[in-house]
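One structure is given below, encoded as structure tokens.
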Amino acid sequence: MSQQQYPQQPQPGWGGPQQQGYGTPPFQPQPPKKSKAGKIVGFGCLGIVAFFVLIGVVAAAGGGNGDSTDTGAKDKAVAAGRTPESDKPEATTAQKTQKTKTQKTKTQAEQFRACVAKSGTATEKKAVQHVTKVTGADKRNDILDSAEVYTDFTGGLMSDNQGDAKLIASAFTSCYESKNGLVSVYGQDGDLIANANY
């Protein structure tokens with residue numbers, strides 16, 4: 001018996017002849033990998049630049065400018081005891097804190113009355129006796145300051161006490177300063193009587 005033989009087709013990649021357009025393409029080597037030396041050098045330089053920036057920030061924060069004529073804070077603290085014009089010592093810190101405590105224990109209305117008593121006119125001093133409460137005079141930021149002065153007057157803008165309320169507002173502008181402040185004077189019933197910029 002004879003066995004029938006079928007023609008064998010060559011396996012691709014075994015070196016046999018290959019037909020164009022069929023099968024797998026001939027073996028091609030992969031392109032060489034790119035070296036990462038550029039990235040390494042770039043990040044290294046970036047690290048060095050960041051290091052120098054950090055040193056500059058630390059030096060600026062430390063305040064060391066290398067000027068030998070600079071008088072530091074410790075020299076100013078030593079010199080603060082005496083002024084060049086006079087040999088009188090300034091108030092000690094205990095005296096300053098005592099003065100600050102007495103100012104803080106006074107209400108804003110009492111502080112305002114004390115200011116007017118010190119530098120106000122006779123009519124302002126008389127009008128300020130009617131002040132019962134002051135708010136907003138201790139918090140100023142020069143952007144939009146608003147202070148309220150409450151009195152024992154009655155009535156609103158057309159009241160008989162409007163002249164005294166204007167005197168109170170005028171006295172307030174003499175005692176307190178702001179780039180953009182408004183003081184409002186109210187009666188005991190909460191009605192606005194007068195206002196002024198201070």
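Restricting attention to the stretch 27-66, the residues that are assigned to a loop (DSSP other than H, G, I, E, B) and either in contact (Cβ under 8 Å) with a residue 40 or more places away in the chain or open to solvent by less than 100 Å² (accessible area, probe 1.4 Å) (or both) total 4.
Just one of (1) in contact with a Ser or Thr (Cβ under 7 Å, 6 or more places away or on another chain); (2) under 19 Å from Leu192 (Cβ atoms); (3) open to solvent by less than 80 Å² (accessible area, probe 1.4 Å) fails for Thr132. It is (3).
Of the strands (runs of 3 or more DSSP E) lying entirely inside the stretch 126-198, those containing at least 3 residues that are within 28 Å of the chain's Cα centre (by Cα) are 145-151, 181-186.
Please find, among Ile168, Ile193, the residue that is β-branched (Val, Ile, Thr), in contact with a Leu (Cβ under 9 Å, 6 or more places away or on another chain) and surrounded by 14 or more Cβ atoms within 10 Å (Cβ to Cβ).
Numbers: Ile168 fails: in contact with a Leu (Cβ under 9 Å, 6 or more places away or on another chain).
Only one candidate passes the filter, namely Ile193.
Quick test for you: out of Ser159, Ser174, Ser146, pick the one residue that is under 14 Å from Phe112 (Cβ atoms) and either modelled with pLDDT of 95 or more or of a type outside the set (A, V, I, L, M, F, W, C) (or both). Of Ser159, Ser174, Ser146, the one residue that is under 14 Å from Phe112 (Cβ atoms) and either modelled with pLDDT of 95 or more or of a type outside the set (A, V, I, L, M, F, W, C) (or both) is Ser174.
The values are calculated or read from the model by the stated rules, or taken from the named source; none is laboratory data. Quick caveat, the model's predicted, so the values are computed rather than measured. In this analysis, Cβ positions are derived from the backbone assuming ideal geometry, glycine residues included, and neighbour counts consider all displayed protein chains. Just so you know, the surface numbers come from the protein's heavy atoms only, side chains and all, with ligands and any DNA or RNA stripped out. Shrake-Rupley method; radii C 1.70, N 1.55, O 1.52, S 1.80 Å.
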